[in-house]
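A short worksheet on the structure shown next.
The values are calculated or read from the model by the stated rules, or taken from the named source; none is laboratory data. Here the structure is a predicted model, which is why all the values come from computation and not from measurement. Note that we place each Cβ from the backbone using ideal geometry, even for glycine, and neighbour counts take in every protein chain shown. Note: accessible area is taken over every heavy atom of the protein model, side chains too, but ligands, DNA and RNA are not part of it. Shrake-Rupley method; radii C 1.70, N 1.55, O 1.52, S 1.80 Å.
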Amino acid sequence: MNNFDIYNPTYIAFGKEQIERLPQFLTKNNAKKILLAYGGGSIKSNGIYDRVIASLKDFEVFEFSGIEANPQYSTLMKAVEMVKANSIDFILAVGGGSVIDGIKFVSGAAKYDGEPWDVLEKKLGCSFTEAVPFGTVLTLPATGSEANSGGVISRQETKEKLAMGGP
């Protein structure tokens, strides 16, 4: 066995009724304008959407839906534009690994002045050095995306799939 150290500054609130604690968490993070991001809409049929919206009643909420499995760069860039156009100061991803991966990208890309794809391609001198803070309401704990900095973004028009995070 090899020795190792791990530092993972992810805050996780686990258990029943944690959604009701969202306002407290958002206020602690000085959030006022929230981008609520999710996938295909299963959160509306399973009741999570209504619970989240009820918890966000004291915040200005902008919705972005349609983040697909293997999130597409073109979709995520629409979210980036929404964040910029509305001066969003916090992003809340509600869903599983693909939604979370997508929002990790959006949070950095929204503060980046260059072409965000260059960061994914790891071009020299290109990196996200700032990010819009984000949190998640995890609906599928299968990928571990909620507790790491990695993610995978796809670009259908060029048939590329690139990983972000890590060295």
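Remarks
- Qualifying residue in the stretch 119-136 (condition: buried (at least 22 other Cβ atoms within 10 Å of the Cβ) and at positive phi): no
- The C-beta contact set for the stretch 2-16 (first residue closer than 12 Å to residue 149 by Cβ, second residue of a type in the set (A, V, I, L, M), distance under 8 angstrom, 6+ apart or interchain) comprises 8/147; 10/147.
- Residue 149 being at positive phi, out of contact with any Pro (no Cβ under 8 Å at 6 or more places or on another chain), in contact (Cβ under 8 Å) with a residue 40 or more places away in the chain and open to solvent by 50 Å² or more (accessible area, probe 1.4 Å): no
- Residue tally, condition touching a residue at least 12 places away in the same chain (Cβ under 8 Å), open to solvent by 50 Å² or more (accessible area, probe 1.4 Å) and under 16 Å from residue 114 (Cα atoms), over the stretch 74-97: 3
- Qualifying residue in the stretch 138-154 (condition: touching a strand residue (DSSP E or B) at 6+ places or on another chain (Cβ under 6 Å), under 29 Å from residue 20 (Cα atoms), among the hydroxyl-bearing types (Ser, Thr, Tyr) and at pLDDT 95 or above): no
- Condition check for residue 58: open to solvent by 80 Å² or more (accessible area, probe 1.4 Å) and either touching a Pro at 6+ places or on another chain (Cβ under 7 Å) or closer than 25 Å to residue 121 by Cβ (or both): yes
- Test: residue in the stretch 45-52 that is surrounded by 13 or more Cβ atoms within 10 Å (Cβ to Cβ), β-branched (Val, Ile, Thr) and in contact with an Asp or Glu (Cβ under 8 Å, 6 or more places away or on another chain): no
- Qualifying helices (runs of 4 or more DSSP H) (wholly inside the stretch 18-127; at least 2 residues being more than 15 Å from the chain's Cα centre (by Cα) and closer than 20 Å to residue 162 by Cα): 116-120
- Of all residues in the stretch 152-162, those satisfying the criterion of being touching a residue at least 40 places away in the same chain (Cβ under 8 Å), over 12 Å from residue 98 (Cβ atoms) and not basic (Lys, Arg) are 156, 157, 162.
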